[in-house]
1. Please enumerate the residues belonging to segment 13-35 that are within 19 Å of residue 79 (Cβ to Cβ) and outside any helix (DSSP H, G or I).
2. Taking segment 36-53, which residues are in a loop (DSSP other than H, G, I, E, B) and on the phi < 0 side of the Ramachandran plot?
Amino acid sequence: MTKRMSKALQLVQVTARQLQQEGKTVNLALLRGRLAGQLAGPDLFSAYQQWRNNPGLPPADEAQDGETTPVVAEEPLSARLTRIEQKLDRLLQLLERPDVSG
């Protein structure tokens with residue numbers, strides 16, 4: 001496994017564990033949203049497939065040295081909420097615009 005793929009798998013494993021701890025069912029869409037901008041689409045898909053085939057395996061860093069190093073820096077909840085609110089505001093603005101194709 002290449003270093004890039006190992007990093008991608010590690011990110012997916014850590015993020016999947018976080019999602020499970022939040023009571024969510026892990027799927028590609030949730031991972032894509034959580035890891036936005038951190039992995040290229042093909043790398044994410046490949047790592048997701050590997051994780052899905054072996055979800056019980058320890059993260060790549062644990063398998064190598066026995067210690068877990070957090071790889072994903074979780075965005076603070078307040079920052080995530082602000083970002084979501086901004087997106088919602090933008091969507092509402094778009095919905096309120098008069099239909100110009102009319």
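The values are calculated or read from the model by the stated rules, or taken from the named source; none is laboratory data. Just so it is clear, the structure is predicted and the values come from calculations on it, not from any experiment. Virtual Cβ from ideal backbone geometry, glycine too; neighbours counted across all protein chains shown. The accessibility values were calculated without ligands, DNA or RNA, using every heavy atom of the protein model including side chains. Shrake-Rupley method; radii C 1.70, N 1.55, O 1.52, S 1.80 Å.
1. 22, 35
2. 36, 38, 39, 40
Condition check ((1) of a type outside the set (Gly, Ala, Ser); (2) open to solvent by 70 Å² or more (accessible area, probe 1.4 Å); (3) modelled with pLDDT of 80 or more) across all residues:
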{"site": "46", "(1), (2), (3)": "no, no, yes"}
{"site": "62", "(1), (2), (3)": "yes, no, no"}
{"site": "75", "(1), (2), (3)": "yes, no, no"}
{"site": "78", "(1), (2), (3)": "no, yes, no"}
{"site": "81", "(1), (2), (3)": "yes, yes, yes"}
{"site": "85", "(1), (2), (3)": "yes, yes, yes"}
{"site": "90", "(1), (2), (3)": "yes, yes, yes"}
